[in-house]
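In what follows, a single structure is set out as structure tokens and then discussed.
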Amino acid sequence: GYNLVFAMERYIEDADVELAYKVVMGMLPEEMYKDQQESVEAVLSGWRALDTGSMGVLSRDTCIQALRCVFAEKTDTSIAGLEYAASADQPGNEPLAYEKLFADIDDEMNQGFFAELLRDQHLEERERYLEDLEGALRTVAAADGKVSVAAARRALSVVDPSKMSRTRDLNVYLARMYGVEETTLSLPNVEVPPVLVATLIEGLKRGLVKRGALGPPPHPQEVVKYIKEWKEARDRIAAAKEAARLMSLGAEKAESAASVGRTPKGMSRASSKEKLAAAGGPAGGGSNGGTASAKLPPAT
């Protein structure tokens, strides 16, 4: 036991080791470790399903969009960070060797920037969620600092709106926060007493905490479907932009063609010819055939 803890403390900077350490020390529930492992596997499984030719590589855009499917609740900033980390691991514009993004890069089993950041985000997002929820709960708390179940639902609807459509997940949270069975929350004429904010947060920490669904991550075929729809939408947008560009180009050509031979405003054809003749050029269209007569030298 002690040797294991000592070894973990030595490599605590590693995101995977940090999570395992916190689980062993009772600072985090075991579900957090399981959820992270399932998420990583979901990413890899999704990428493999998209790699229909089993080439071991995918376009960078496809890899990143697949992350949006697996981690639907991640912010654009978080996704951008993962994209940057992947580029740091594999610089250039070539397709990503996606399996290598999770491979060990040295003898101490350290992983690259992408894998480390993904694991770091997993913990950071939990902490941010708890902070946001605590703030929302304090906003709806009564004068004595306690929060009713109805008020807690309102706080959760602000911090985690998607939970409102997932009754089972919502009840899991509330039951944990109030220290009651899930069925108690739906029993008629049973009133759960209000609880202090700090107690609610401590209760919630006893299990998995994350935005969105508490269930398993998307199936690989859901990722494939998501990418198919994303590519179709991308192609439609590109086609619409190209059509708009061609229409604009056609309008410019039509305007240019219409302006050819157009007499400048305020100048008649006669005055135009006169000005050309005065400049030494052919006036054109004269009564004697359209050219000025050349003066012959006098006969000798």
(message) Here are a few candidate values for P(r) over Cα pairs in 20 Å bins from 0, in percent: (1) 30, 47, 20, 3, 0; (2) 28, 36, 22, 12, 2; (3) 23, 36, 16, 10, 10, 3, 0. Which one was actually calculated from the structure I just gave you?
(response) (3)
(request) Using DSSP to define loop residues, name the GluC sites (Glu not before Pro) in region 111-201 whose beta-carbon has at most 14 other beta-carbon atoms within 10 Å. (result) Glu181, Glu191
(request) Determine the order of Val197, Val172 by accessible area, beginning with the largest, at a probe radius of 1.4 Å. (result) Val172, Val197
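With every protein chain kept in the model, how would you rank Lys205, Lys241 by accessible area, 1.4 Å probe, largest at the top?
Reading off the accessible areas and sorting them downward yields Lys241, Lys205.
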(message) If I ignore ligands, DNA and RNA and count only protein heavy atoms, how much of Thr139 is accessible to a 1.4 Å probe, in Å² to the nearest 10?
(response) 110
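Given a 1.4 Å probe and every protein chain left where it sits, what share in percent of the accessible area of region 42-86 is carbon and sulfur? Walk me through the intermediate numbers first.
Details: 1030 of 1990 Å².
The nonpolar share, carbon plus sulfur, comes to 52 percent.
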(request) Would you check the accessible area of Ile12, probe 1.4 Å, heavy atoms only, in square angstrom rounded to 10? (result) 50
(request) Please give the helix 220-259 orientation as an angle from the longest Cα principal axis of the chain, in degrees from 0 to 90, rounded to the nearest 10. (result) 20
(message) What do you get for the angle between helix 60-70 and the principal long axis of the chain? Use alpha-carbon atoms, 0 to 90 degrees, nearest ten.
(response) 40
(message) On a full-extension model of 0.36 nm per residue, what is the gain between Asn93 and Leu249, subtracting their alpha-carbon distance, rounded to one decimal in nm?
(response) 53.0 nm
(message) Once ligands and nucleic acids are excluded and a 1.4 Å probe is used, how much of Ser162 is accessible, expressed in Å² to the nearest 10?
(response) 30
(message) Tell me the angle of helix 113-140 to the major Cα principal axis of the chain, expressed in degrees between 0 and 90 and rounded to the nearest ten.
(response) 70
(request) Using a 1.4 angstrom probe on the protein heavy atoms only, line up Asp35, Asp106, Asp144, Asp16 by accessible area, largest first. (result) Asp144, Asp106, Asp16, Asp35
(request) Express the carbon and sulfur contribution to the solvent-accessible surface of region 123-187 as a percent, rounded to the nearest whole number, probe 1.4 angstrom. (result) 50
(request) Please state the charge dipole magnitude for the chain, taken about the Cα centre, from unit charges on C-beta atoms (+1 on K and R, -1 on D and E), reported in debye and rounded to the nearest 20. (result) 2740
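Compute the accessible area per residue over region 125-183, keeping the other protein chains in place, probe 1.4 Å, unit Å².
Details: 2950 Å² over 59 residues.
Solvent-accessible surface per residue comes out at 50 Å².
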(message) Before I look further, what does region 204-254 give for accessible area per residue, probe 1.4 Å, in whole square angstrom?
(response) 69
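The values are calculated or read from the model by the stated rules, or taken from the named source; none is laboratory data. Computed from a prediction, not measured in an experiment: that's the story for all the values here. Cβ sites come from the backbone with ideal geometry, for glycine too, and all protein chains shown count toward neighbours. With ligands, DNA and RNA removed, areas are computed over all heavy atoms of the protein, side chains included. Shrake-Rupley method; radii C 1.70, N 1.55, O 1.52, S 1.80 Å.
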